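Remarks on the structure that follows.
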Amino acid sequence: QVHLLESGGGFRQPGGSLRLSCAASGSTWGLNAMGWYRQAPGNQRELVAIATNPGGTNYADSVKGRFTISWDEANNTVYLQMDTLEPEDTAVYYCHAQRWATPLTNAANYWGQGTQVTVSS
């Protein structure tokens, strides 16, 4: 089992910045990807950014150029630097970790509890 603990959410005015952190603990060996999803009221949960092992990243079009994901694998922590925030970024942000299937094991997905990000003037 992998436990994910997010921190860093809060309130910002448009144009501001926030940095989210997610620390993984437990059986963290062999994780293949860590990332961030978000869910706004009335919307489905959507991918924001993902970092894969080794060294790949992918972003939602809506955040490209504004958000940066980084994965400190040695410390089992993933970060999301969010710059030039917009009101549309308001959502609960969830940390996600994934272990891909192998011939001997099933795939596994883990979620954090979520942290609220609110962008408003």
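The values are calculated or read from the model by the stated rules, or taken from the named source; none is laboratory data. If you're wondering where the values come from, they're calculated on a predicted model, not measured in any experiment. Glycine gets a Cβ as well: all are built from the backbone with ideal geometry, and neighbour counts include every protein chain shown. Please note that ligands, DNA and RNA were not included when accessible areas were found on the heavy atoms of the full protein model with its side chains. Shrake-Rupley method; radii C 1.70, N 1.55, O 1.52, S 1.80 Å.
Highlighted here are the strands (runs of 3 or more DSSP E) found entirely within the stretch 1-93 that include at least 1 residues which are open to solvent by less than 60 Å² (accessible area, probe 1.4 Å), touching an Asp or Glu at 6+ places or on another chain (Cβ under 7 Å) and charged (D, E, K, R): 33-39. If the condition is being more than 17 Å from S21 (Cα to Cα) and free of Cβ contacts under 8 Å to residues at least 24 places away in the same chain, then the stretch 63-121 contributes K64, G65, A101, T102, P103, L104, T105, N106, A107, N109.
Residues in the stretch 69-108 that are within 15 Å of H3 (Cα to Cα) and of a type in the set (G, A, S): A97, A108. Of everything in the stretch 28-37 that is in contact (Cβ under 8 Å) with a residue 40 or more places away in the chain and out of contact with any Lys or Arg (no Cβ under 7 Å at 6 or more places or on another chain), the residue that is farthest from V117 (Cα to Cα) is T28. Scanning the stretch 94-112 for residues that are in contact with an Asp or Glu (Cβ under 7 Å, 6 or more places away or on another chain) and either open to solvent by 20 Å² or more (accessible area, probe 1.4 Å) or part of a loop (DSSP other than H, G, I, E, B) (or both) yields a count of 1. Got at least one residue in the stretch 99-107 being within 13 Å of the chain's Cα centre (by Cα) and not charged (D, E, K, R)? Looking through the stretch 99-107, none of the residues is within 13 Å of the chain's Cα centre (by Cα) and not charged (D, E, K, R).
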